[in-house]
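The values are calculated or read from the model by the stated rules, or taken from the named source; none is laboratory data. For clarity, every value in this text was computed on a predicted model and none was experimentally measured. When we count neighbours, we look across all protein chains shown, and the Cβ atoms used for this are built from the backbone with ideal geometry, even at glycine.
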Ligand code: UDP
């Protein structure tokens, strides 16, 4: 018979668990469904404990390579995260080229996948004689913005926030300039230039895999899934959300026991992601708002951020001792019958999966959004940074699964507004509407991953007809 050697895929995850987790899920899917083995490369600068634990929990068919450290000491202090990551990727091109060539001596390497800040490393794949693919861990709206960015930039005469009209991307909800991706908000910043550069570089990929699915943003999906000259084929292959858990070793979290005692769909989960913090004033409003709402809640409390860096550091250090010290006087006592606060981190997947959880005040990070959709939990959007604000617009005005909050001039959301929207989500008509919609999306997403659009998109990208072919151009002959 014909000999088929196991296809092997090489992958690069740039810093951030939000990049690594979905990329690792893609590797797992290729392993379990399509018989691949994989190598995941990560930057030395992110060898954190969390990341180590995560990587060592992966199946043995997924290997890990930690790339050598590179110096970024020539960068000015205060350089944006996007700038640091992008430059580190560029400086790693020689190391990645060698790593890929070495992999090829041992494996049938069929391609190289880099994520959103790693497009410069396509050069390494080219030098190693491999095809390169972009893995985009956010949605089609943000991908569309990135792909159009070089052209938008060339025609822009002011800052995004000064635009009189919202930004209209093909098939997307209009996004007011103020809500556009945060690294694009200051055109004189290096990180802005990097984003424009990435937008150009994305077009060099042989294909783009996106962690989204047709039904959550159908109009832009239709457009991007059509072939277009000069643009790589786009495959929405999501939602890829974390499976398996690395946090179980310390036993079942107390908040899950607490959830067991609450009625079905009665608890509002409140969390701002892995990095989000509120100011002390905003934290007060949240506490009073939750209290006023009369609803049950589970709130992941973090140290408040200050107005300036100094106070922010101060609060951080302080809150590591006791984040609850920043809650209003008597708050925990007054709400102990129906509320629970957890410090810094909750087992979010399990919280969302719990039947007592009925709503989520969400920062609209894309991983959290996909997780809440997969569990049919509707949201109140509370975006903070990155692409969260434009996600919030898309989730409320496009997908219809989120309620939005009115802000004051100075950006603070007041307690009365919080209480009103929380009640509306948990008990009101608007709440019913978004709950219905998120339930529909949950079913569509599950179906898509099983044998619908997303699993077909992955199969179209990756196809095995006796020999390994990844990223075939005529997408229809599966
Ligand atoms: N997460 C969690 N517990 C927390 C906060 C976050 O498990 O208390 C997980 C969450 O389930 C998600 C990831 O961290 O998988 C956050 O990714 P996302 O893209 O939503 O936002 P980011 O934190 O990167 O802003």
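Quick notes
- Selected residue (criterion: farthest from the ligand (Cβ to nearest atom)) from residues of the stretch 9-18 that are farther than 15 Å from residue 237 by Cβ and modelled with pLDDT of 95 or more: 10
- Of all residues in the stretch 19-45, those satisfying the criterion of being more than 16 Å from the ligand (Cβ to nearest atom), crowded, with 21+ Cβ neighbours inside 10 Å and under 16 Å from residue 60 (Cβ atoms) are 27, 30, 36, 38, 39, 40.
- If you filter the stretch 248-276 down to residues that are assigned to a loop (DSSP other than H, G, I, E, B) and more than 14 Å from the ligand (Cβ to nearest atom), you find that the one that is modelled with the lowest pLDDT is 251.
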